[in-house]
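To keep things clear, I will list the structure first and then write my remarks on it.
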């Protein structure tokens, strides 16, 4: 009797243990299951972020609201989940984004290059470069080309570009009777485009961080984020054409639209009067008074940065065991985060040492200049962290899978680059932030194009140009919208630094932006999306732009 009782108790205990384990396992699975993933609700967080950004023209509140809604959806849309969503957004998703090693590298790189801009501005190196260019600008054509050349030389940061070039070239262009509208256009149309295209800029860390994160979410392993960014450069048609158009206008002396009228008035009015516009949103870092302005103090740090980054890419990407490794293989396998960190650290050290040993800056002044240069990067880093967090939420909710499943049978993936270009342009135009448009769209669109390529049988290396074109279209569309937007930070800075009425600047620049944008769409994005060579497209479009300017343009 006792034996049978013990046997019964043993079996009951065993059954209870198994049942409890299964219940615990099911509970754990249930707790990690997201009820609304892969449904229409998964699309709401990014769309909500875009809608709020368009309505209120504020990127950070837009991203945060989209994040909070996404966290609420993940929590099952209960009342308690809604109450705790803002806390969870920061506690879980923002912290996770910051804790990622690659993300931290991007943040450090961005802050360091901003600090280097601050030191080289404060030690007079930037002004030294400017002074070298000014010696050559003794006519309308040369003054215009000097403005463009200076904009291209200060490629590493769009804010530094607009403030330095606008303020420095204004007396020269006034003397040559070039309108303030023309100066503001040349400043604005070289700042963001070159910062978007150059190999090492304050934009690169932001762009590479978004691209790398989006590619990792879909399992892309062909190359790293920096390698993919390099592949997108020939597909960034609008920034390329915007730069080419400034050179064409400067060399031919022809203009059209409101700009022609502004130039005509400037030539006939006997000069340009200065406007009382000395305030701009971002504080300019001025060189120390009474110290020499040596161009070498800016050239050496940035040359060091570029060389160390290139060396770092080679050092981290080369595989001694692999024979006949191509440059693309080396860059693709390289650890771009390490290379960028090494380069910026080396550049900052060179800039600091040059400033101190020449007696231009004290150690305290050098540190203050470093911190002052870092300050403008804070807003961008906040946007980046929120964008990374929204990307993680979209991944958990399977947003891209849902969208791609809805359109993969009705829309060819070849048309996605055009749609993303237009959407990025609209978002950047309404918000005034090209970085905000990139931060919202890259994490959303890259997985969509990847899934659609898979569904349409194009997930092969020979079709990867579609990925490159799509990413480039987001970057280019963001720059286009930024150029046309009256609330864009770089547009405001360009008009303020050039002493130009802001609305006059926007009114005269928009026709040029539409001109370059139309060629970018018709002869760039659409043909390249179907496999046409981007290099041939650039040549054809450049010739077309030049002929159109010669045909319709007028000399003031």
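The values are calculated or read from the model by the stated rules, or taken from the named source; none is laboratory data. This is a predicted model, so every value here is computed, not measured. So basically every Cβ, Gly included, is an ideal-geometry build from the backbone, and we count neighbours across all protein chains shown.
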Tell me whether the stretch 190-207 contains one or more residues that are farther than 29 Å from residue 499 by Cα, part of a helix (DSSP H, G or I), in contact with a helix residue (DSSP H, G or I) (Cβ under 8 Å, 6 or more places away or on another chain) and modelled with pLDDT of 85 or more.
yes
Unmet requirement for residue 535, which otherwise passes all of (1) under 26 Å from residue 262 (Cα atoms); (2) surrounded by fewer than 22 Cβ atoms within 10 Å (Cβ to Cβ):
(1)
What number goes with the only condition from (1) surrounded by 21 or more Cβ atoms within 10 Å (Cβ to Cβ); (2) at pLDDT 80 or above; (3) within 25 Å of the chain's Cα centre (by Cα); (4) more than 30 Å from residue 455 (Cα to Cα) that residue 336 does not pass?
(2)
Subset of the stretch 127-160, residues touching a residue at least 40 places away in the same chain (Cβ under 8 Å) and not in a helix (DSSP H, G or I), comes to 155, 156, 157
Only one of (1) modelled with pLDDT of 85 or more; (2) surrounded by fewer than 15 Cβ atoms within 10 Å (Cβ to Cβ); (3) part of a loop (DSSP other than H, G, I, E, B) fails for residue 283. Which number is that?
(1)
Condition check for residue 452: within 21 Å of the chain's Cα centre (by Cα), surrounded by 24 or more Cβ atoms within 10 Å (Cβ to Cβ) and not in a loop (DSSP other than H, G, I, E, B):
no
Here is a check on your reading of the model: is residue 366 in contact (Cβ under 8 Å) with a residue 12 or more places away in the chain and under 18 Å from the mean Cα position of the chain (by Cα)?
no
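Picking from 426, 422, 418, which residue would you name as being touching a helix residue (DSSP H, G or I) at 6+ places or on another chain (Cβ under 6 Å), surrounded by fewer than 24 Cβ atoms within 10 Å (Cβ to Cβ), more than 14 Å from residue 211 (Cα to Cα) and at pLDDT 80 or above?
Working: 426 fails: touching a helix residue (DSSP H, G or I) at 6+ places or on another chain (Cβ under 6 Å); 422 fails: touching a helix residue (DSSP H, G or I) at 6+ places or on another chain (Cβ under 6 Å).
The match here is 418.
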Considering the stretch 532-548, residues that are within 25 Å of the chain's Cα centre (by Cα) and touching a residue at least 24 places away in the same chain (Cβ under 8 Å), and then whichever is farthest from residue 467 (Cα to Cα), we arrive at 542
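Quick grid of which residues meet (1) modelled with pLDDT of 90 or more; (2) surrounded by fewer than 23 Cβ atoms within 10 Å (Cβ to Cβ); (3) not in a helix (DSSP H, G or I):
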| residue | (1), (2), (3) |
| --- | --- |
| 346 | yes, yes, no |
| 350 | yes, yes, no |
| 369 | yes, no, no |
| 390 | no, no, no |
Residues of the stretch 84-126 being surrounded by 24 or more Cβ atoms within 10 Å (Cβ to Cβ) and not in a helix (DSSP H, G or I), which ones?
123, 124
